[in-house]
């Protein structure tokens, strides 16, 4: 298992500059154009070093320094661990992991989940999961994934209508629901439960920290995306 972990860490670290570039491009407030180049010097941001600074003018872009790299490495290890416990749709899980790292950082930074990321994520999962079900000779798994995606997506869409979530959470929920549905309804429900628990714990910690500094706890809005992603990953690993 050690060689697999080492290989997974290397894959995550090699992917980190690309993921940083995607985070820098999409981590812009609603209504602003995508960041296709450094605002200061115009240099492209497809690849960024761990410092998160533009290679041309050294301006900080996207995620904070040395944050994407450990997350990417840890997620790669988690995917490798899950893949070592068959049956698992490796390609679908890897696809979701790559988009998930970017979406988590973008949502944490600017409180949005762009359709330019969630739609390709959903599309890839919608193609790769049925393909994995056919390869496993289990067409019922594809049906279960579809039903789980619709169930989770509907719950999140209801939360969007009630104003508790943003519009980008629905397609993310569809993709994660389908992926978790591969492992069964208990894992799909477990992913939602884990997301709520993690969000509740983080909200409590932030509220306690705010009160300790004698600040108001009003307006401490949490991005749902990172917790939905962490909840899904937790459910997959704990199955």
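Throughout, read-outs are computed from the coordinates displayed, never taken from laboratory work. Keep in mind the model is a prediction, meaning the values are calculated, not measured. Every residue, glycine among them, receives a Cβ derived from its backbone with ideal geometry; neighbour counts consider all protein chains shown.
Remarks
- Segments classed as helices (runs of 4 or more DSSP H), wholly inside the range 159-239, with at least 3 members that are free of Cβ contacts under 8 Å to residues at least 12 places away in the same chain: 185-212
- Scan of the range 1-54 for residues that are loosely packed, with under 14 Cβ neighbours inside 10 Å and part of a helix (DSSP H, G or I), ordered by number: 2, 3, 4, 6, 7, 10, 14
- Within the range 121-156, the residues that satisfy the criterion of being surrounded by fewer than 20 Cβ atoms within 10 Å (Cβ to Cβ) and under 18 Å from the mean Cα position of the chain (by Cα) are 123, 124, 126.
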